[in-house]
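To start, the structure under review is shown below, and the notes come after it.
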Amino acid sequence: MQGSTPSAGSLQKDILTTVVITALLLWLMPMLISTYTLTVLVIYGMLGLSLGVIWGFGGILCFGQAAFFGLGAYTYAIAAINIGESTLPMILAVLVPGGFAALLGALMFYGRLTDVYLGVITLVVTLILFKFINSTAGPHYVIGKARLGGFNGIPGFQTLNVPGQPEAYIWGDAYFYLCAVLLALVFVLVSALLRSSFGRVAVGIRENETRMSLMGYDVRARKTLLFAIGAAIAGLAGALFANWGEIVTPSLFSLGQSAEIIIWCIVGGLGTRLGPILGAAGLAYLKFLLGQQSLVDNTLITGLILVLFVLFLPRGLVPAVASLWQGLWRRRSRGHGSQTRHMRNRERLNG
């Protein structure tokens with residue numbers, strides 16, 4: 001069911017399925033698309049999943065997922081310049097957005113703000129960060145040895161390396177495989193979270209917050225924690241993106257980036273684990289292909305896709321395909337059952 005916690009089967013089955021599918025994709029996809037492009041598609045898939053957890057299973061409409069994405073990227077770049085090694089910066093890139101989201105979420109949820117105001121506040125926070133980072137071009141905007149750089153961004157930081165070996169860089173094909181494995185690991189962890197009692201309560205809160213509160217659950221604390229988890233995943237995606245691009249700029253906080261993440265979830269299938277990943281990778285790759293021509297504007301195509309999905313596939317791609325498959329399977333089962341009964345009746349008549 002769309003938006004429900006994963007059911008029917010054990011977590012071990014989920015892990016096995018994820019491992020098999022990941023292995024097949026790691027083998028097949030580099031034959032079709034360059035690993036450089038695949039890497040950013042995987043990173044965007046992780047970013048889409050981060051909002052899918054918050055919005056699809058927690059019912060928290062966040063217009064500011066790009067804020068956590070950008071915070072993760074900038075945290076990594078600043079820490080890498082000051083430390084000169086990537087292990088601790090990667091950890092900080094997860095903790096800083098998660099901690100910031102926990103503080104922001106506590107202010108919003110304990111302030112009993114409604115969904116509309118939640119969306120507005122997260123959007124405003126993103127715009128404030130975008131404006132602030134753009135205005136840090138002066139030489140006095142420095143954190144340790146790292147200059148923020150304003151609209152020019154921060155280039156030239158230490159990229160991902162083997163822990164404890166700053167000179168052993170992880171790049172190219174190896175970096176793609178690492179990002180894919182991290183996405184699979186995050187997917188398994190999200191599946192485990194949603195299978196737990198916390199995940200079931202989160203879906204219950206999304207469906208009827210008042211009822212869950214009357215049942216004795218601390219709704220505000222659970223929403224704050226889920227909000228922070230989604231932000232931490234977005235921060236990890238931001239750090240991986242910084243290593244892929246080898247530069248971070250204020251565009252990571254842009255309104256367009258925030259809107260794209262929401263469109264990924266809607267197109268892929270809100271309330272599913274796989275939908276936001278496929279929506280992000282598919283639309284990002286389409287944008288990459290459209291970027292090679294100048295006849296049609298990318299934004300126009302993205303907007304048209306959103307309108308078509310809202311009108312004809314409002315539940316998204318993954319739920320629509322799942323419903324179609326289930327319908328075909330039931331029809332086949334009924335047809336097989338009718339054929340069996342018909343054969344039995346003929347056998348009785350014949351003898």
| query | With the contact rule set at Cα under 8 Å and sequence spacing of 6 or more, what percent relative contact order holds for the chain? | reply | 31
| Extent along principal axes [Cα atoms of the range 5-59; Å; largest to smallest] | 35, 25, 11
| Surface/4 of the Cα convex hull for the range 186-342, nm² | 14.7
| query | Can you work out the FRET efficiency for the pair L300 and A23, with r the C-beta to C-beta distance and R0 = 35 Å, to the nearest 0.05? | reply | 0.40
| task | Pop a pseudo-label 7 angstrom from the Cα along the beta-carbon direction at both N208 and S196 and give the gap in nm to one decimal. | result | 2.6
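Give me the one-decimal Kirkwood hydrodynamic radius in Å for the chain, with the sum taken over alpha-carbon pairs. Present the calculation step by step, with values, prior to reporting the outcome.
Values: mean 1/r = 0.0460 Å⁻¹.
For the chain, inverting the mean 1/r across all distinct Cα pairs yields 21.7 Å.
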| query | How large are Rg and Dmax for the range 206-297 when only the alpha carbon atoms are used, in Å? | reply | 17.3, 57
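Given charges of +1 on the Cβ of Lys and Arg and -1 on the Cβ of Asp and Glu, with all other atoms neutral, how large is the dipole of the chain about its Cα centre, in debye to the nearest 20? Don't skip to the end; give the middle numbers.
Values: 23 positive and 12 negative charges, 345 e Å.
Around 1660 debye, computed over the chain.
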| query | Taking the Cα atoms only, what angle lies between the long axis of helix 87-109 and the longest principal axis of the chain, rounded to 10 degrees? | reply | 70
| query | For S34 and N82 in the same chain, what is the full-extension length gain: residue separation times 0.36 nm, less their Cα-Cα distance, in nm? | reply | 14.0 nm
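For the range 72-126, rounded, prolate or oblate, judged on the Cα gyration tensor with a ≥ b ≥ c (square roots of eigenvalues), a/c < 1.5 rounded, else prolate if a/b > b/c? List each step's numbers first, then the result.
Working: a/c = 4.91, a/b = 2.82, b/c = 1.74.
Verdict is prolate for the range 72-126.
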| message | For the range 220-253 and the range 9-71, what is the centre-to-centre distance using only Cα atoms, to the nearest Å? | response | 13
| remark: Measuring from the longest principal axis of the C-alpha atoms of the chain, the long axis of helix 115-134 (C-alpha) lies at a number of degrees, nearest 10, equal to 40
| request: Would you list, by chain and number, the aspartates and glutamates whose Cα falls below 18 Å from the Cα of K287, excluding same-chain residues fewer than 8 positions away? | output: E260, D297
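Write down the accessible area per residue of the chain in Å², having rolled a 1.4 Å probe over the full set of protein chains. Intermediate values should be presented prior to the final figure.
Numbers: 18200 Å² over 351 residues.
Per-residue accessible area for the chain comes out at 52 Å².
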| Quick one: with all protein chains in place, what share of the accessible area of the range 1-128 is carbon or sulfur, to the nearest percent (1.4 Å probe)? | 77
| field | Against the rule of thumb 2.2 N^0.38 Å, how large the Cα Rg of the range 92-159 comes out | value | 1.40
| request: Using only Cα atoms, tell me the angle between helix 317-350 and the longest principal axis of the chain; keep it within 0 to 90° and round to the nearest 10. | output: 20
| Where labels lie 7 Å past Cα in the beta-carbon direction, separation of Q326 and S135 in nm | 5.1
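The values are calculated or read from the model by the stated rules, or taken from the named source; none is laboratory data. None of the values given here were measured: they were computed from a predicted structure. Using ideal geometry, Cβ is built from the backbone for each residue, glycine included, and neighbour counts are taken over all protein chains shown. Protein only, heavy atoms only, side chains kept; ligands, DNA and RNA dropped before computing areas. Shrake-Rupley method; radii C 1.70, N 1.55, O 1.52, S 1.80 Å.
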